[in-house]
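Derivation of every value follows stated rules applied to the coordinates shown; laboratory data play no part. Predicted, not measured: the structure shown is a model, and the values here were computed from it. For neighbour counting, all protein chains shown are included, and Cβ atoms are generated from backbone atoms with ideal geometry for every residue, glycine included.
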Amino acid sequence: MSMLEIDGLTIRYADSPAPAVSDLNVVIERGEAIGIVGESGSGKTQTAMAIMGLLPANADVSGSIRFDGTELRGATPTVLNRYRASRIAMVFQDPRTALNPYVRIGKQLRRVLLEHKMCGGAEADVRTLDMLQKVGLPDPERQFRAFPHELSGGMRQRAMIGAALIGEPDLLVADEPTTALDVTVQAQILRLISDLHAETNSALLLITHDLGVVAGNCERVVVMDKGCMVEEGSTREVFSAPVSPRTEALLSSAPRIDSEVMSSPIDTDADPVLEIEDIAVSFKEHRSSWGERLHAVKPMSLSLGECETVAVVGESGSGKTSLARAVLGLLPADAGRVSFLGRALPSHVGARRNRVRQNLQMVFQDPLASLNPAMSVREIVAEPLRIHESGMKKEERNKSVDTMLTRVGLEAELAGRYPHELSGGQAQRVAIARSLILQPKVLICDEAVAALDGTVQHEILKLLLTEQANSGLSLIFITHDLAVVRQISHRVLVMYMGRLCEIAENEALFRRPRHPYTKALLSSVPVIDPEASAVDVPLAGEAASALSPPTGCPFHPRCPHAIAVCNEETPELTQCNSTLVACHRAADLDLSY
Amino acid sequence: MSAFRALRPVARYIRASRMVAICVLFLLLVALVALAGPLLSPNDYISTDFDNRFGAPTMRGMQFFGTDEFGRDLFSRTLLGIQVTLFVAVIASIVSLGIGVIYGATAGFIGGKVDAVMMRAVDALYALPFVFLVILLMVAFERNFLLIFVAIGAINWLDMARIVRGQTISLKHREFVDAARLIGVSTPGIIWRHITPNLFGVVVVYMTLTIPQAILVESFLSFLGLGVQEPQTSLGALVNNGITHMGRAPWLLIIPASVLAFILFCFNFLGDGLRDVVDPKNKT
């Protein structure tokens, strides 16, 4: 008998005609690592919730879920609680919301043991400390007494994993455990999960949209699409020779770090369209009463040529978004200058002239948040025209809105809809249509594809590049996803804690990174190839607090190549072949692949 | 107008919840009877009949609710009371809505020092003892129908301003406001086209909860003898009168009090129902 047998599982909701999961059959053996991949809405999470008995009351579930022969579907909470945590445990996607903010970390872990009467109070404390040590929390004694908000995202996810594993479950269900985390932290957490899986002999069910995550960590994979299983097999076979066209589409659209460069070559001698000189941004830190300032962006310069795509990469909190907002005048800059076609711009967007404003546009990360929920698609896309082409007649305006919608790949019927009636990809296309309708010269995309599924992401990127080829658009592309960077950029700018680490040509950066941080980012990206060797050593630790940055080079506490001078002096940007790099050891380190 | 178009979802909510629909239906019915009733009834609210004081409810002469201590027809007086009460409540709510939304949206959107000063002014007004204020107003000026609106509107807009300010602050940090700035929409344009339409859901819900509050305040003032003056009347004034004659003619108390309670119940239920539908957290 297998450990977990899912047989003909079907989940329906009264308000939607198509089932969320239909006729799913999956078997999980003891000690096995299995992955479920699929795009959003494919029913992955629904399946996990069904196993844990956490589906909402209005879900209509049929089929069977047997764990060690016991039927879990429709089981009473008393029965389920005998299995939860002690036999089957779960790690949720967002560590910020999955831990109780009012209960100390140690207590949350300890409670699992006491609740299941696995041991007494004194032993529970010892086992909790052990577990905190095992999941790699530094100074476990202190973390035992810490509240969740005192820990960083990665540390909280470690604590979550600890809470899931402390009952020594036979099956660990991890639902997108690293999606909310930075790429270097993701590598650490994945390493931790697979180490613990090997060590404790518990089975692992890893649910993710990221094929790279599955490739490195699972022996078997189930591919889901629209609630149905479309393919199942060993990871190696599925990835090398997919049978289903859906799997093939998933594999081919997933951005790969080793993929083809999609951007077309450019003329580098032309005058820059946008010049940024020594721009700096800081915020007043509310919690500190002494008027301490958090320096989000330290003075930095950048110029952007016509038709050029510059990618800005870095972990969250590295100042990428602050940089973009300061350039656009949405955030006051402390210092520095932004010039457009050789002319300096006022720092606040309200003070800029319409001619300038229409040329600098932005696409935001969350497509739904950037569309006014009370306006229809037509009104949203037409609004820029109403302001900048006030002489335009209504019919003309409607016509150009329709043309624009077709250009971004939307049907004209959508014009009457409201944002909540759109899918994520459609909403992002509307946002792009709004920013392109004035034919801007510069478009800043702030994580514009991060919230979208692989195939949709691919289409949006293609759309942006087509627009670039047609109308000479310059792009600043902010992202944490290096595979996307590889595909579309001409130059790459790497940021760490508000400072520039490296500016390099696309090719040069990926062949021969000069900064140890760039190298760490590159090697943390999960590779969609089960054959590829795992990351040798993922970058340890996390970025320090921006309020008390380390002395010298901000990266030195995490840098494997740090020397004495790194602690004392902040490195300046220096030329190193075609690359600008801020590292004391740029000249003597060879980090190339 | 984009602001009014935002009312469409509200119409959808009313269709979506049966309870809300029933409440709306009842309230419309009450309002209709109050407006059309006097045209159909042979009695008016003002003629006295000293031969028929404290008449019990009867079908004869359409005196469904009986007569009061002056022999006036209670049915006609109750209909008038409903009219006055609803009128006061709706006008007071609209006044508080107007002041509250403009004040709150301005304070919230501009923020900083302006916000601080404006909201401290609200705090100061909250600190005034309301009943004394009203009594003072009534003593200083002639007793006057208009004063009741002023008094009730003057307290209700404070709550509205606070709620709208909070909503505005959360809305102005949404990305669509930044997107609007980037395409060059002016500040008044942003407040009018992008902020207010998104406030309407909350405001409409809050207004349905403000109306019963205004009704209660009006009843309370009338009960104290500070409200509407004879021969005009309101439900509060009728209840007050009914209490005086409770022993002799209980219907004078029971009937207006029940009508008042029914209207209040409908509004409260409507407000709660709308709040449940509007709040996205309840949509699981």
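Cβ separations smaller than 8 Å between residues 6+ apart or across chains give the following pairs from segment B:254-274 residues that are farther than 14 Å from B:TYR206 by Cα to residues that are assigned to a helix (DSSP H, G or I) and of a type in the set (S, T, N, Q): B:ILE255/B:THR78; B:PRO256/B:THR78; B:VAL259/B:THR78; B:LEU260/B:THR85; B:LEU260/B:SER219; B:ILE263/B:THR85.
For the structure I just gave you, tell me whether A:VAL377 is in contact with a Gly (Cβ under 8 Å, 6 or more places away or on another chain), closer than 17 Å to A:GLU421 by Cβ and crowded, with 23+ Cβ neighbours inside 10 Å. Break it down stepwise before answering.
Numbers: in contact with a Gly (Cβ under 8 Å, 6 or more places away or on another chain): yes; closer than 17 Å to A:GLU421 by Cβ: yes; crowded, with 23+ Cβ neighbours inside 10 Å: yes.
Answer is yes for this residue.
The single condition from (1) in contact (Cβ under 8 Å) with a residue 40 or more places away in the chain; (2) of a type in the set (Val, Ile, Thr); (3) surrounded by fewer than 15 Cβ atoms within 10 Å (Cβ to Cβ) that B:ILE148 fails is (3). Can you tell me which residue in segment A:410-429 is nearest to A:ALA324 (Cα to Cα), limited to those that are surrounded by 21 or more Cβ atoms within 10 Å (Cβ to Cβ) and within 14 Å of chain B (Cβ to nearest Cβ)? Residue satisfying both the conditions and the ranking: A:GLN428.
Please indicate, with yes or no, whether at least one residue in segment A:137-146 is assigned to a loop (DSSP other than H, G, I, E, B) and touching a residue at least 60 places away in the same chain (Cβ under 8 Å). Steps first, answer last, please.
Start the filter on segment A:137-146 by keeping residues that are assigned to a loop (DSSP other than H, G, I, E, B), which leaves A:137-139, A:146.
Among the residues that remain, those that are also touching a residue at least 60 places away in the same chain (Cβ under 8 Å) are: none.
There is no residue in segment A:137-146 that is assigned to a loop (DSSP other than H, G, I, E, B) and touching a residue at least 60 places away in the same chain (Cβ under 8 Å).
Of all the helices (runs of 4 or more DSSP H) wholly in segment B:188-284, which have at least 3 residues that are of a type in the set (S, T, N, Q) and more than 30 Å from A:ALA14 (Cα to Cα)?
Values: elements: B:196-223, B:235-244, B:251-278.
The qualifying helices (runs of 4 or more DSSP H) are B:196-223, B:235-244.
Listed here are the residues, each with its yes/no results for (1) among the β-branched types (Val, Ile, Thr); (2) over 20 Å from B:ALA154 (Cβ atoms).
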position	(1), (2)
B:THR196	yes, yes
B:VAL202	yes, yes
B:LEU226	no, no
B:PRO231	no, yes
B:ILE243	yes, yes
B:ARG248	no, yes
B:PRO256	no, yes
B:VAL259	yes, yes
B:ILE263	yes, yes
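Which of the residues that make up segment A:335-352 are part of a loop (DSSP other than H, G, I, E, B) and at the interface with chain B (Cβ under 9 Å from one of its Cβ atoms)?
A:ARG352
Figure legend. Inter-residue proximity from segment B:164-192: first residues within 7 Å of chain A (Cβ to nearest Cβ) and among the basic types (Lys, Arg), second residues assigned to a helix (DSSP H, G or I) and surrounded by fewer than 21 Cβ atoms within 10 Å (Cβ to Cβ), beta-carbon distance below 6 Å, spacing 6+ or different chains. Indicated pairs: B:ARG181/A:VAL349. The set of residues from segment B:208-225 being surrounded by 21 or more Cβ atoms within 10 Å (Cβ to Cβ) and among the hydrophobic types (A, V, I, L, M, F, W, C) comprises B:ILE211, B:ALA214, B:ILE215, B:VAL217, B:LEU221. Scanning segment A:361-409 for residues that are facing chain B (nearest Cβ under 7 Å) and under 22 Å from A:ILE444 (Cα atoms) turns up A:GLN361, A:MET362, A:PHE364, A:ASP366, A:ALA369, A:SER370, A:LEU371, A:ASN372, A:GLU383, A:PRO384, A:ILE387, A:HIS388.
For segment A:162-275, which fully contained helices (runs of 4 or more DSSP H) count at least 3 residues that are within 22 Å of A:LEU24 (Cα to Cα) and touching an Asp or Glu at 6+ places or on another chain (Cβ under 8 Å)? Before you say what the answer is, go through the steps one by one.
Working: elements: A:183-200, A:211-217, A:235-240, A:245-253.
So the answer is A:235-240, A:245-253.
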